[in-house]
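Derivation of every value follows stated rules applied to the coordinates shown; laboratory data play no part. Everything numeric here is computed off the predicted structure, so don't read it as measured data. In this analysis, Cβ positions are derived from the backbone assuming ideal geometry, glycine residues included, and neighbour counts consider all displayed protein chains.
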Amino acid sequence: MSDTTAERNRPGAPGNESAGESGDQNRRTSVTKKGGGDPAGRGRTTIADGVVEKIAGMAARDVVGVHAMGSGLSRTFGAVRDRVPGGKPAVTRGVKAEVGEVQTALDLEIVVDYGVSIAEVARDVRENVVSAVERMTGLEVVEVNIAVSDVKLPEEEDEEPESRLQ
């Protein structure tokens with residue numbers, strides 16, 4: 001049996017068309033590599049809106065003068081949810097992202113501390129958010145719209161309810 005196998009695999013043997021023969025029996029299959037030689041260019045990466053929202057939320061909260069994110073109602077519900085055992089802080093509260101293939105646009109709703117320049121805080125938030133999102137995702141941030149929904153006064157208590165658990 002090994003003699004027959006060796007005979008079939010030998011170039012020029014009957015039933016084994018080899019180079020040098022012409023016609024339809026001698027077909028070559030060319031392999032074309034798509035994407036060139038760069039492995040990083042093969043395939044596609046998609047980034048969910050929520051990923052960009054988390055990055056933007058964290059970057060906005062890092063800016064001095066930003067007291068909180070979101071409207072009063074969403075902050076109240078979020079504070080209650082945060083107090084529930086096993087609940088996690090909503091990093092995306094006050095952030096909405098629209099993500100395309102190569103660009104993203106963001107809407108942020110913030111509460112600023114009393115006494116800070118709202119224009120400067122908004123500028124710093126934009127710079128920090130654009131830098132973080134572009135660095136981490138590679139997406140181009142085309143706009144960051146900021147809505148200042150409230151000012152936190154020094155004598156105001158936080159809207160977060162006191163925990164009943166001690």
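Compare the peptides 135-144, 38-47 by average per-residue count of other Cβ atoms within 10 angstrom and give them in order, highest first.
Ranked by mean Cβ neighbours within 10 Å, highest first: 135-144, 38-47.
Could you list which residues have their amide H under 5 Å from that of V141, counting only those 5 or more apart in sequence or on another chain, with H placed in the peptide plane?
Here T104 satisfy the definition.
Which cross-chain or sequence-distant (5 or more) residues have an amide H under 5 Å from the amide H of A68, H modelled 1.01 Å from N in plane?
Those lying under 5 Å, H to H, from A68 are V111.
Mind checking the full-extension length gain between V148 and V51? Use 0.36 nm per residue of separation minus the Cα-Cα distance, one decimal, nm.
Once the chain is fully extended between V148 and V51, it gains 32.6 nm.
Tell me, what ³J(HN,Hα) does each residue in region 57-69 have, in order and in whole Hz, if you take phi through Karplus 6.51 cos²θ - 1.76 cosθ + 1.60 with θ = phi - 60° and put x for Gly and Pro?
x, 5, 5, 5, 5, 6, 7, 5, x, 8, 7, 7, 10
Along region 140-150, what does the Karplus equation 6.51 cos²θ - 1.76 cosθ + 1.60 (θ = phi - 60°) give for ³J(HN,Hα), rounded to whole Hz, x for Gly and Pro?
Values per residue, Gly and Pro as x: 8, 8, 8, 7, 10, 8, 10, 10, 8, 9, 6 Hz.
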